[in-house]
Amino acid sequence: MTQHYDLAIIGSGSGNSLVTPDFDDKRVAIIEGGTFGGTCLNVGCIPTKMFVHAADLALDVRQAGRYGVDAALQGVRWSDVRDRVFGRIDPISEGGRRYRVEGPNTTAFFGHAHFTGDRTLTVELGDGSQETVTADQVVVAAGAHPVVPDVVTESGLPFHTSDTVMRIEALPERLAIIGGGFIAAEMAHVFASFGVHVTVIARSSLLLRHLDTEIAQRFTDLAREQWDVRTLTNVVALEPGDDGAGVRLHLDNTAVVDADLLLVATGRRPNSAGLGAQAAGLGLLDDGRIAVDEYGRTSAPGVWALGDVSAPHQLKHLANAEARTIAHNLVHPADLRPLPHRHVPSGVFSHPQVATVGLTEQECIEQGRHHTVHVQAYGDTAYGWAMEDTTSVCKLVADPSTGLLLGAHLMGPLATSLIQPLVQGMAFGTTVHDLARGQYWIHPALAEVVENALLGLKLDAPA
Ligand SMILES: Cc1cc2nc3c(=O)[nH]c(=O)nc-3n(C[C@H](O)[C@H](O)[C@H](O)COP(=O)(O)OP(=O)(O)OC[C@H]3O[C@@H](n4cnc5c(N)ncnc54)[C@H](O)[C@@H]3O)c2cc1C
């Protein structure tokens, strides 16, 4: 049976927010092949940060002694930590699903969708039946999925990805993580803080290698103090652990790593395979992303794409911002807005936290840009003294002739919050001088590290 809609949306993550009041008098189909609400809510940003908060607390207790406060971590009740997280999240997902099922102008389809022609979709429903959906406009908001290296899948041994590891029954004694990106860094922090022995195996020489090199180097150094970090290392084979349980990883330097649980965190690939891109006339980029123009239009007329399936960065705030833009563009064809891709910040909620926006120092060098750099230690501010901080930094990159910030890179406590005035300064074109001196900075708050970093930049002339 074929049903026609004004709008069909593939994916209920950021795609779910496309159903604005502009569609109140229109017919909208929303198609979800996995868990309603998508990655961020169910297996991404939100649950990970709820675990990270508990991990931060556990670590604070362990480290309280250096402030003269003697405390001992009596234990971590994993099942209570886990159930607090999913006890909150699962009902939200279920509520969202129900809302779309019962919504006055939305029809929810639960199954995998693929294009069979121009704005024509086949949905494979859970009961084995199929539904054909056609629409005046289609938005592909299908997200991405974890990549698992062949060496792992071909071993036939059990492994986890971020999709499953947060729901395990009990904490393992030893966790091996393959990957050196932000998911590996956040999961290593969570499990190590809960008392698990964590080994991180990364192909590159630095963890978080996409960051400013100085920050990635500092992060990797601190990671080595907390976890067993093997860089420049590949896993070449897997076999069952000694006692038949767990896994033994063979590395290309002939070393072995024994673990009770394996987490694969080697990146996420856009969910464009299996979408019927060819039948729809969707162009794909080499990395599997759906190609879109500056307004979010794909190469197929009337088909749009947003979020991880097409965006240059896999970030929820970017997917949300793209969804807001496309929600406007869908109903204002004569007044299209460009996707907001400037000054996109990102955070890593590990230990330490990292936050970044704009150009790195190396990018400035590679692009031959006139630039100046200042690195300010948290430990040179009063609140840094309070925290006994000796490792955290705020590194700024600016254009000395215009006095404008080009990039900001923070590593340390609250980095993901401290960076916000810098993001704001870049977004609104505020000069370094105006950012530092055009407002008060509460004394002796940690934000003084940002103020001092701004004041430390050597500009050509006061802007
Ligand atoms: C562990 C982890 C932690 C993260 N932490 C952060 C963070 O702290 N901050 C941050 O900004 N970002 C974070 N992210 C990234 C963030 O979650 C994603 O960028 C964001 O959720 C992408 O949203 P989306 O709408 O593009 O896709 P999704 O939310 O993934 O939604 C896509 C939906 O489409 C469905 N779907 C796919 N194909 C089909 C099909 N053919 N038919 C029907 N349905 C389909 C999927 O089941 C899914 O529900 C994290 C990701 C992970 C994995």
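The values are calculated or read from the model by the stated rules, or taken from the named source; none is laboratory data. Because the structure is predicted, anything quoted here is derived from the model rather than measured. Using ideal geometry, Cβ is built from the backbone for each residue, glycine included, and neighbour counts are taken over all protein chains shown. To get the accessible areas, we keep the full protein, side chains included, count just its heavy atoms, and leave off ligands, DNA and RNA. Shrake-Rupley method; radii C 1.70, N 1.55, O 1.52, S 1.80 Å.
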Sole exception among (1) at positive phi; (2) within 16 Å of the ligand (Cβ to nearest atom) for Gly281, by number = (2)
Among the numbered criteria (1) open to solvent by less than 50 Å² (accessible area, probe 1.4 Å); (2) within 21 Å of Met166 (Cα to Cα), which single criterion is violated by Arg269?
-> (1)
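Condition check ((1) touching a Cys at 6+ places or on another chain (Cβ under 9 Å); (2) in a strand (DSSP E or B)) across all residues:
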site	(1), (2)
Gln376	yes, yes
Gly384	no, no
Glu388	no, no
Val397	yes, yes
His409	yes, yes
Tyr440	no, no
Asn452	yes, no
Leu459	no, no
In the stretch 113-136, which residue that is crowded, with 20+ Cβ neighbours inside 10 Å and of a type outside the set (Phe, Trp, Tyr) is nearest to the ligand (Cβ to nearest atom)?
-> Ala113
Residue count, the stretch 147-174 (criterion: outside any loop (DSSP other than H, G, I, E, B), within 14 Å of the ligand (Cβ to nearest atom) and open to solvent by 30 Å² or more (accessible area, probe 1.4 Å)) | 2
Say we look at the stretch 297-324 and pick out the residues that are of a type outside the set (S, T, N, Q) and more than 12 Å from the ligand (Cβ to nearest atom); which of these is surrounded by the most Cβ atoms within 10 Å (Cβ to Cβ)?
-> Trp304
Pairs, please: C-beta under 9 Å, at least 6 apart or cross-chain, first residue under 26 Å from Ala355 (Cα atoms) and of a type in the set (Ser, Thr, Tyr) and in the stretch 162-188, second open to solvent by 10 Å² or more (accessible area, probe 1.4 Å) and more than 16 Å from the ligand (Cβ to nearest atom)?
-> none
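Residues checked against (1) assigned to a helix (DSSP H, G or I); (2) among the aromatic types (Phe, Trp, Tyr); (3) within 16 Å of the ligand (Cβ to nearest atom):
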site	(1), (2), (3)
His4	no, no, no
Asn42	yes, no, yes
Met50	yes, no, yes
Asp56	yes, no, yes
Arg66	yes, no, no
Ala71	no, no, no
Gln74	no, no, no
Asp90	yes, no, yes
Gly96	yes, no, yes
State which residue is farthest from Val28 (Cα to Cα) when the search covers only the stretch 325-355 and only residues that are among the hydroxyl-bearing types (Ser, Thr, Tyr) and open to solvent by less than 20 Å² (accessible area, probe 1.4 Å).
-> Ser350
Out of all the residues in the stretch 176-223, which are over 16 Å from His351 (Cβ atoms), of a type in the set (A, V, I, L, M, F, W, C) and more than 16 Å from the ligand (Cβ to nearest atom)?
-> Ala176, Ile201, Ala202, Leu206
Is the stretch 385-393 home to any residue that is open to solvent by less than 40 Å² (accessible area, probe 1.4 Å) and small (Gly, Ala, Ser)?
-> yes
Across (1) within 16 Å of the ligand (Cβ to nearest atom); (2) surrounded by fewer than 15 Cβ atoms within 10 Å (Cβ to Cβ); (3) within 24 Å of Leu414 (Cα to Cα), Ile46 clears everything bar (2)
When only residues in the stretch 19-35 that are in a loop (DSSP other than H, G, I, E, B), within 7 Å of the ligand (Cβ to nearest atom) and not hydroxyl-bearing (Ser, Thr, Tyr) count, which is nearest to Val140 (Cα to Cα)?
-> Gly33
The stretch 137-146 - residue that is assigned to a strand (DSSP E or B) and over 15 Å from the mean Cα position of the chain (by Cα) and, of those, farthest from the ligand (Cβ to nearest atom) | Gln137
Yes/no for Leu459 being touching a residue at least 40 places away in the same chain (Cβ under 8 Å) and open to solvent by 20 Å² or more (accessible area, probe 1.4 Å) | yes
Pairing a residue in the stretch 297-322 that is over 18 Å from Ala279 (Cβ atoms) with any residue that is open to solvent by 50 Å² or more (accessible area, probe 1.4 Å) and more than 13 Å from the ligand (Cβ to nearest atom), where Cβ atoms lie under 6 Å and the two sit 6 or more apart in sequence or on different chains, gives Ala321/Pro340
Filtered residues of the stretch 194-212 (kept if open to solvent by 20 Å² or more (accessible area, probe 1.4 Å), outside any loop (DSSP other than H, G, I, E, B) and within 17 Å of Val264 (Cβ to Cβ)) | none
